[in-house]
Amino acid sequence: MAQTVTMPQLGESVTEGTISKWLKQPGERIERYEPIAEVITDKVNAEVPSPVDGVMGDLIAAEGATVPVGEPICTIRGVDEASAPAASAPAPAAAAPPPPPPAPAPAAAAPPPPPPVAPAPVPAPMAEPVPVAAAAPAPAPAAEPEGAGMSLHVSPAVRMLAREHGVDLQQVPGSGLGGRITKKDILEWVQRRDGQPAAAAPAAPIPAGVPEAALAAPPAPPAPAAPAAPAAAAPPPAAATGDTLVPLSPMRKAIAEHMVRSVQTAPHAWVMVECDMSPVVALRERHRAAFEQRTGVKLTYLPFVAQAVIGALRKHPTLNASFTPEGILLKRDINLGIAVALEDGLVVPVVHGADRLSLAGLAEAFQRLGDRAKAAQLRLEDIQGGTFTLNNAGALGTLMTQPIINQPQAAILATDAIVKRPVVVAGDAIAVRPMMNLCLSFDHRINDGLQATRFISTVRDTLQAMDDRVLG
């Protein structure tokens, strides 16, 4: 019997993936755990392994198709089933003789009685005249009837988007696989609904028995005006002469959706401090050559910052957390995500158990994950389970960065370039110091300015007090 392979869960907040490339074609032999497809999300390019030995069956999802988590993407047939000759396969249609045609009904048979017709309801006497223009109020689209849409196969993200915009899923035609409703279908439906003027409502029919005097009665006072519908989305800009349209890659499309979802989900707030990196710069200069010779790993500034962040997360656990409707979920482990910039996108591999690693262990993990990310060889476990993200934007030369939170985390810290500039030091003297800006983006549902400022101040103070002990 053929086994159906579904889209795997490629991260905590990932609800769908895009088939980038099929590595196996129908009829090819497959061994268990052998990759059969490459899948792209906003976080990683991952390979989907085969769950069984067998032969590739039907490709349900085409290359470039975006499929919700848990939905089928292909089938795999067993080896015995695939190797059996076609003639041995049972053919139910040919084996069984066709059923005889039904005998014609006797001419004398009486036709079935017609269904009973319910008597027309007698209009109740009217206590007040009914104005002609009054029509029955249309049902509010936001009040989805009990059970409506439950028979539709839609992802949780699509259902949540429909609730936010007051969309009845039964009215939306689906353009996805098998007529499935996608987020694009919801957004286009909302744009058509809000962007086109509503058709004039037909005049309500005059109920039987209403006296003509009622037609001349003054109209009822107007009902309070309903709140204005949200403005329609702006149309895409028209291309001018010489412009070039670059189609969205699956990774770019996934990143765009994830970033929009993050800013719509979490109320972002920011705090920034500047840090005197003199102690860290001196430490690195003294130990860089010996460190690289001993470990084979380059000593950058990132492991020093990571050590300071880990210590601050221990002291301020609400920054190592996630928001849930039931409360704030404090994470026991510190799994540090490191943003890695690629030519065509961005990925965030995760150092699991970062709080249990030494500075040398952090440096080795960062280099290993960075090399995997740039070679598009990250594994599924490399991008799952992050609890806090560190964005080393300063490696690109930035001076001030406000990053977007990596959902469902509570915050993300950006480190900018280390720049020598004059600062005021003790005794009101002016000295040249290597300064670096630290910017924390945090979810205001979880933390306020007090907790965020205490956290980033702890990171700064730790960096400004580092000495040789940090190298063990």
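The values are calculated or read from the model by the stated rules, or taken from the named source; none is laboratory data. Values in this document were obtained by computation on a predicted structure and should not be read as measured data. So basically every Cβ, Gly included, is an ideal-geometry build from the backbone, and we count neighbours across all protein chains shown.
When residues in the stretch 310-339 are screened for being within 22 Å of the chain's Cα centre (by Cα), not in a strand (DSSP E or B) and not polar (S, T, N, Q), 5 of them pass. Scanning the stretch 2-40 for residues that are out of contact with any Pro (no Cβ under 8 Å at 6 or more places or on another chain) and on the phi > 0 side of the Ramachandran plot returns Gly11, Gly27. Of the residues making up the stretch 212-222, none is in a helix (DSSP H, G or I), modelled with pLDDT of 50 or more and farther than 26 Å from Arg192 by Cα. Here the condition is being under 19 Å from Leu302 (Cβ atoms), in contact with a Leu (Cβ under 7 Å, 6 or more places away or on another chain), surrounded by fewer than 23 Cβ atoms within 10 Å (Cβ to Cβ) and among the aliphatic types (A, V, I, L, M); of Ala411, Ala393, Ala339, Ala354, it holds for Ala339 alone.
Against the list (1) within 26 Å of Pro325 (Cβ to Cβ); (2) in contact (Cβ under 8 Å) with a residue 12 or more places away in the chain, the condition Val260 fails is (2).
Being among the β-branched types (Val, Ile, Thr), at pLDDT below 90 and over 22 Å from His258 (Cα atoms) holds for only one residue in Val79, Val69, and it is Val79.
Summed over the stretch 171-191, residues that are under 19 Å from the mean Cα position of the chain (by Cα), without any contact (Cβ under 8 Å) to a residue 60 or more places away in the chain and assigned to a helix (DSSP H, G or I) total 5.
Condition check ((1) within 30 Å of Thr265 (Cβ to Cβ); (2) free of Cβ contacts under 8 Å to residues at least 12 places away in the same chain; (3) touching a strand residue (DSSP E or B) at 6+ places or on another chain (Cβ under 6 Å)) across all residues:
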| site | (1), (2), (3) |
| --- | --- |
| Asp276 | no, no, yes |
| Arg288 | no, yes, no |
| Gln293 | no, yes, no |
| Gly296 | no, yes, no |
| Leu302 | yes, no, no |
| Val305 | yes, no, yes |
| Ala312 | yes, no, no |
| Lys315 | yes, no, no |
| Leu319 | yes, no, yes |
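If you check Val470 against the conditions, is it surrounded by 12 or more Cβ atoms within 10 Å (Cβ to Cβ), within 21 Å of Ala312 (Cα to Cα) and modelled with pLDDT under 95? Here the answer is yes, as Val470 does meet what is asked. Take the residues of the stretch 148-170 that are closer than 20 Å to Ala65 by Cβ and over 17 Å from the mean Cα position of the chain (by Cα): which is modelled with the highest pLDDT? Checking each candidate, the answer is His153.
The residues in the stretch 325-336 that are aliphatic (A, V, I, L, M), surrounded by 15 or more Cβ atoms within 10 Å (Cβ to Cβ) and free of Cβ contacts under 8 Å to residues at least 60 places away in the same chain can be counted, and the count is 2. On the basis of being buried (at least 22 other Cβ atoms within 10 Å of the Cβ), assigned by TED's automatic domain parsing to the domain that holds Arg284 and more than 20 Å from Val14 (Cα to Cα), does Phe366 make the cut? Considered against the rule, which asks whether it is buried (at least 22 other Cβ atoms within 10 Å of the Cβ), assigned by TED's automatic domain parsing to the domain that holds Arg284 and more than 20 Å from Val14 (Cα to Cα), Phe366 comes out as yes. Looking for something out of contact with any Phe, Trp or Tyr (no Cβ under 6 Å at 6 or more places or on another chain) and assigned to a loop (DSSP other than H, G, I, E, B) - is there at least one such residue anywhere in the stretch 261-274? Yes: one or more hits.
Looking for something polar (S, T, N, Q) and part of a helix (DSSP H, G or I) - is there at least one such residue anywhere in the stretch 427-441?
Within the stretch 427-441, not a single residue is polar (S, T, N, Q) and part of a helix (DSSP H, G or I).
Quick grid of which residues meet (1) of a type in the set (S, T, N, Q); (2) over 28 Å from Gln367 (Cβ atoms); (3) part of a helix (DSSP H, G or I):
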position: Glu257; (1), (2), (3): no, yes, yes
position: Ala290; (1), (2), (3): no, no, yes
position: Arg294; (1), (2), (3): no, no, yes
position: Ala308; (1), (2), (3): no, no, yes
position: Ala341; (1), (2), (3): no, no, no
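The residues of the stretch 356-376 that are over 15 Å from Val340 (Cα atoms) and assigned to a loop (DSSP other than H, G, I, E, B), listed by number, are Leu357, Ser358. Checking the structure you have, find out if any residue of the stretch 15-31 is buried (at least 22 other Cβ atoms within 10 Å of the Cβ), aliphatic (A, V, I, L, M) and under 13 Å from Asp53 (Cα atoms). Checked against the condition, which is being buried (at least 22 other Cβ atoms within 10 Å of the Cβ), aliphatic (A, V, I, L, M) and under 13 Å from Asp53 (Cα atoms), the stretch 15-31 yields at least one hit.
Only residues that are β-branched (Val, Ile, Thr), within 17 Å of Phe442 (Cβ to Cβ) and not in a loop (DSSP other than H, G, I, E, B): list them for the stretch 377-423, please. Steps first, please.
Here is the first cut: in the stretch 377-423, the residues β-branched (Val, Ile, Thr) are 383, 387, 389, 398, 401, 404-405, 412, 415, 418-419, 423.
Then keep just the ones that are within 17 Å of Phe442 (Cβ to Cβ); that gives 387, 389, 401, 404-405, 412, 415.
Thr389, Ile412, Thr415, listed by residue number.
Residues of the stretch 8-55 that are among the aromatic types (Phe, Trp, Tyr) and modelled with pLDDT of 90 or more: Trp22 alone.
Quick grid of which residues meet (1) within 25 Å of Ala360 (Cβ to Cβ); (2) touching a residue at least 40 places away in the same chain (Cβ under 8 Å); (3) of a type outside the set (S, T, N, Q):
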site: Ala414; (1), (2), (3): yes, no, yes
site: Phe442; (1), (2), (3): no, yes, yes
site: Leu450; (1), (2), (3): no, no, yes
site: Thr462; (1), (2), (3): yes, yes, no
site: Met466; (1), (2), (3): yes, yes, yes
site: Arg469; (1), (2), (3): yes, no, yes
